[in-house]
Amino acid sequence: MSINYSEKIPNNVDLANDRKLQRALEHWQPRFLTWWQEQGPRDSSSDDVYLRTAVGVDAQGWASYGYVKMPDYRWGIFLADPIADRKIGFGDHYGEPAWQQVPGELRSQFRRIIVTQGDTEPASVEQQHLLGLTCPSLYDLRNLFQVNVEEGRHLWAMVYLLHGYFGRDGREEAEQLLARHSGDRDNPRILGTFNEPISDWLSFFMFTYFTDRDGKFQLKSLAESGFDPLARTCRFMLTEEAHHMFVGETGVGRVVRRTLEVMKELGTDDPAAIRAHGAVDLATIQRYLNFWFTSSLDLFGSEVSSNAASSFASGIKGRPDEDRYEDHVCADATLELETPDGTESVSLRNAMNEVMRDAYIKDCEIGLKRWNMQIKRAGYDIVLRLPSKHFCRSIGAWAGVPVDPEGKLLDQQDYDQRLADWLPSESDRAFVHSLMQRVVEPGKMAGWTAPPDRGINKHPVDYEYVRLH
Ligand code: BYC
Ligand code: FE
Ligand code: FE
């Protein structure tokens with residue numbers, strides 16, 4: 001089905017033939033726009049931004065480019081095409097037809113997961129609210145705004161499900177999605193990472209590399225869901241997600257490249273000298289990486305989780321790329337799990353969060369390899385590393401356990417003393433903040449980052465990606 005852009009809410013779900021749902025969503029729409037004006041990118045509403053908008057879900061349709069003022073962006077509801085006779089691919093209902101409605105007995109579990117997913121999307125926009133004011137280039141500013149409008153659309157995707165399939169409860173949850181705010185003391189966002197400030201661009205690049213990648217894995221596992229509208233919506237969201245992680249991978253890579261240039265120019269790897277020259281030393285980059293990676297590991301939940309087991313058993317949430325596994329039921333399988341008290345054998349269903357976390361960690365390694373290749377080619381013997389998955393955890397079996405980045409258990413006192421070597425200190429943050437100066441001349445880059453290899457949609461790097469007003 002093609003997307004009807006003459007409607008208030010572009011969609012490929014035949015909204016025009018469901019007047020009640022259409023009215024409910026049109027009622028929510030102005031609230032979303034008010035939220036966007038208040039919590040979205042600051043002072044950006046009259047800028048013309050070179051953005052990609054989805055005009056169809058097929059290979060050609062989903063990436064149509066042009067200048068848009070963000071409040072006029074066409075946030076729409078798009079589901080990937082249905083798969084005929086789709087069957088549930090895992091758990092106790094393996095092989096049964098996928099559901100077009102939410103089974104009554106699974107309603108509250110589905111609602112909780114959809115709300116949690118939906119909550120992260122506007123949260124990230126709130127976290128990035130002020131970043132535009134200190135953009136390192138117009139190219140980066142445009143990418144920030146692209147990520148922001150798409151996270152806004154991801155919120156729409158979840159609100160559509162809440163309104164369409166969860167009645168009054170769903171409508172109430174949709175209101176709450178605009179009422180909670182990132183970092184709000186009284187009414188914060190649901191998951192930890194989404195209450196952390198993203199007040200500098202190094203954090204933004206780490207967040208889009210590590211935290212959007214949690215998004216990729218959670219969406220992949222929900223794309224397996226027995227509830228077909230959820231699966232289809234997540235499949236389409238994943239096509240957009242790739243760009244967010246691209247922004248993170250190339251963003252960190254460019255910071256590293258600039259640091260290497262400065263190291264070469266100065267003939268030293270002394271952090272103080274590099275900083276004095278306006279670049280970020282590799283040790284600081286490593287500390288930022290440690291922070292965002294470990295915070296994102298917590299997003300997978302506890303190693304042993306009855307929630308995870310019941311989501312898998314009942315067909316709510318599968319494993320990312322479920323068809324790569326042989327056993328889709330996992331009734332008797334077990335997993336050896338490392339806990340602070342030694343190795344424990346647990347039922348695989350209970351360990352699904354850990355299975356996902358391990359797949360995620362493997363995926364995280366790819367960017368590190370690329371960044372390290374640059375460092376090696378520049379002739380330096382320094383390696384960026386992912387810390388142990390037990391380091392600095394706040395959720396699960398390792399929460400609060402004093403483990404160093406190599407995974408070694410330490411005395412609490414020892415650990416506390418060395419933490420500043422491993423995580424960004426106040427002075428690291430103050431230094432990184434001091435670099436954040438706005439650069440908006442087309443093609444110009446802030447001194448702490450290298451330019452990208454190429455521009456967007458075949459345009460040159462010095463294209464006027466945002467026309468500021
Ligand atoms: N912080 O059994 P447990 C994205 C809660 S990112 C705070 O261990 P479970 C995006 C948990 O909610 C993808 N609380 O875990 C990225 C539960 O609370 P209740 C987001 C946490 O339930 C960038 C309790 O602890 N999508 O899209 O198996 C930009 C015990 O839970 C945390 C999803 O997460 C935490 N880190 O799994 C924009 C998918 N971890 O219910 C967007 C939907 C756990 O007892 N969510 N808790 O009050 C889920 O599937 C699951 O809720 C979780 C947790 C994987 C998050
Ligand atoms: Fe998203
Ligand atoms: Fe994203």
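The values are calculated or read from the model by the stated rules, or taken from the named source; none is laboratory data. Predicted model only: the values in this text are computed from it and were never measured. Don't worry about glycine lacking a Cβ; one is built from the backbone with ideal geometry, like all the others, and counts go over all protein chains shown.
Please give the number of the condition G379 fails out of (1) over 20 Å from T284 (Cα atoms); (2) modelled with pLDDT of 95 or more; (3) out of contact with any helix residue (DSSP H, G or I) (no Cβ under 7 Å at 6 or more places or on another chain).
(1)
For the range 442-466, which positions are closer than 16 Å to L144 by Cα and surrounded by fewer than 14 Cβ atoms within 10 Å (Cβ to Cβ)?
Of everything in the range 442-466, just one residue is closer than 16 Å to L144 by Cα and surrounded by fewer than 14 Cβ atoms within 10 Å (Cβ to Cβ), namely N457.
Mind listing whichever residues of the range 1-56 are hydroxyl-bearing (S, T, Y), surrounded by fewer than 19 Cβ atoms within 10 Å (Cβ to Cβ) and at pLDDT 95 or above? Explain how you work it out, then say what you get.
Step one: list which residues in the range 1-56 are hydroxyl-bearing (S, T, Y), which gives 2, 5-6, 34, 44-46, 50, 53.
So of that shortlist, the ones also surrounded by fewer than 19 Cβ atoms within 10 Å (Cβ to Cβ) come out as 2, 5-6, 34, 45-46.
Passing the criteria: T34, S45, S46.
So T120 ticks every box in (1) outside any helix (DSSP H, G or I); (2) of a type in the set (S, T, Y); (3) modelled with pLDDT of 95 or more but one. Which box is left unticked?
(1)
Report whether or not T239 is within 16 Å of ligand 3 (Cβ to nearest atom), under 30 Å from G152 (Cα atoms) and at pLDDT below 95. If you could, list the steps in order and put the result at the bottom.
Details: within 16 Å of ligand 3 (Cβ to nearest atom): yes; under 30 Å from G152 (Cα atoms): yes; at pLDDT below 95: yes.
For T239, the condition - within 16 Å of ligand 3 (Cβ to nearest atom), under 30 Å from G152 (Cα atoms) and at pLDDT below 95 - is met.
Report the residue count in the range 53-95 for those that are hydroxyl-bearing (S, T, Y) and assigned to a loop (DSSP other than H, G, I, E, B). First the steps, then the outcome.
Quick first cut of the range 53-95, residues hydroxyl-bearing (S, T, Y) only: 53, 64-65, 67, 73, 94.
Retained after the next criterion (residues that are assigned to a loop (DSSP other than H, G, I, E, B)): 73, 94.
Residues that pass the stated criteria total 2.
Would you mind finding the one in T211, T233 that is within 11 Å of ligand 3 (Cβ to nearest atom), crowded, with 23+ Cβ neighbours inside 10 Å and modelled with pLDDT of 95 or more?
T211
Determine whether the range 170-177 contains at least one residue that is under 23 Å from G76 (Cβ atoms) and basic (K, R).
yes
Give me a count of the residues in the range 122-143 that are within 13 Å of ligand 1 (Cβ to nearest atom) and either without any contact (Cβ under 8 Å) to a residue 40 or more places away in the chain or under 10 Å from I198 (Cβ atoms) (or both). I'd like the intermediate steps shown before the answer.
Of the range 122-143, the ones within 13 Å of ligand 1 (Cβ to nearest atom) are 122-128.
From the residues that got through so far, the ones that are either without any contact (Cβ under 8 Å) to a residue 40 or more places away in the chain or under 10 Å from I198 (Cβ atoms) (or both) too are 124, 126-128.
Residues flagged as within 13 Å of ligand 1 (Cβ to nearest atom) and either without any contact (Cβ under 8 Å) to a residue 40 or more places away in the chain or under 10 Å from I198 (Cβ atoms) (or both) within the range 122-143 amount to 4.
Which of the residues belonging to the range 185-222 are within 13 Å of ligand 2 (Cβ to nearest atom) and over 14 Å from the mean Cα position of the chain (by Cα)?
Listed by number, the list holds a single entry, L222.
Can you go through G104, G91, G95, G76 and tell me which one is farther than 17 Å from L238 by Cβ and in contact (Cβ under 8 Å) with a residue 12 or more places away in the chain? Working first, answer last.
Working: G104 fails: in contact (Cβ under 8 Å) with a residue 12 or more places away in the chain; G95 fails: in contact (Cβ under 8 Å) with a residue 12 or more places away in the chain; G76 fails: farther than 17 Å from L238 by Cβ.
Testing whether each residue is farther than 17 Å from L238 by Cβ and in contact (Cβ under 8 Å) with a residue 12 or more places away in the chain leaves just G91.
Output the number of residues of the range 263-298 satisfying the condition of being within 16 Å of the chain's Cα centre (by Cα) and aliphatic (A, V, I, L, M).
First pass over the range 263-298, keeping only residues within 16 Å of the chain's Cα centre (by Cα): 289, 291-298.
Filter once more, keeping what is aliphatic (A, V, I, L, M): 289, 297.
So the answer is 2.
If you take just the helices (runs of 4 or more DSSP H) that sit entirely in the range 151-248, which of them hold at least 1 residues that are within 16 Å of T116 (Cβ to Cβ) and more than 11 Å from ligand 1 (Cβ to nearest atom)? Let's see the steps before the verdict.
Numbers: elements: 167-179, 201-206, 212-222.
Where helices (runs of 4 or more DSSP H) fall fully within the range 151-248 and carry at least 1 residues being within 16 Å of T116 (Cβ to Cβ) and more than 11 Å from ligand 1 (Cβ to nearest atom), they are 167-179.
Take the residues of the range 400-439 that are in a loop (DSSP other than H, G, I, E, B) and touching an Asp or Glu at 6+ places or on another chain (Cβ under 8 Å): which is surrounded by the fewest Cβ atoms within 10 Å (Cβ to Cβ)?
Taking the range 400-439 and keeping what is in a loop (DSSP other than H, G, I, E, B), we get 400-402, 404-408, 410-411, 423-425, 436-439.
Filter again for touching an Asp or Glu at 6+ places or on another chain (Cβ under 8 Å), leaving 402, 410, 436.
Values: P402: 19, L410: 14, M436: 18.
Ranking the qualifying residues of the range 400-439, first place goes to L410.
If we keep just the residues of the range 116-143 that are in contact with a Gly (Cβ under 9 Å, 6 or more places away or on another chain) and β-branched (V, I, T), which is farthest from ligand 2 (Cβ to nearest atom)?
This residue is V125.
How about the range 255-314: which helices (runs of 4 or more DSSP H) wholly inside it have at least 1 residues that are touching a residue at least 24 places away in the same chain (Cβ under 8 Å) and of a type in the set (V, I, T)?
On the way: elements: 271-276, 282-298, 306-313.
Answer list for the range 255-314: 282-298.
In the set K220, K216, K264, which member is away from ligand 3 (no atom under 16 Å from the Cβ) and not aliphatic (A, V, I, L, M)? Spell out the reasoning first.
Details: K220 fails: away from ligand 3 (no atom under 16 Å from the Cβ); K216 fails: away from ligand 3 (no atom under 16 Å from the Cβ).
Just one listed residue meets the conditions, K264.
Those residues that are among the aliphatic types (A, V, I, L, M) and closer than 20 Å to F293 by Cβ, I need them from the range 170-203; list them, please.
L191, I198, L202
Every residue in the range 369-398 that is hydrophobic (A, V, I, L, M, F, W, C), more than 23 Å from D421 (Cα to Cα) and assigned to a loop (DSSP other than H, G, I, E, B), please.
Residues of the range 369-398 hydrophobic (A, V, I, L, M, F, W, C): 371, 373, 375, 378, 382-384, 386, 391-392, 395, 397-398.
Subsequent filtering for residues that are more than 23 Å from D421 (Cα to Cα) retains 373, 378, 397.
Matches in the range 369-398: A378, A397.
Where residues in the range 131-173 are out of contact with any Lys or Arg (no Cβ under 9 Å at 6 or more places or on another chain) and small (G, A, S), which of them is surrounded by the fewest Cβ atoms within 10 Å (Cβ to Cβ)?
Within the range 131-173, the match that is surrounded by the fewest Cβ atoms within 10 Å (Cβ to Cβ) is G167.
Restricting to the range 29-40, name every residue that is more than 24 Å from the chain's Cα centre (by Cα) and in contact (Cβ under 8 Å) with a residue 12 or more places away in the chain. Quick ask: steps written out before the conclusion?
Of all residues in the range 29-40, those more than 24 Å from the chain's Cα centre (by Cα) come to 30.
Matches in the range 29-40: none.
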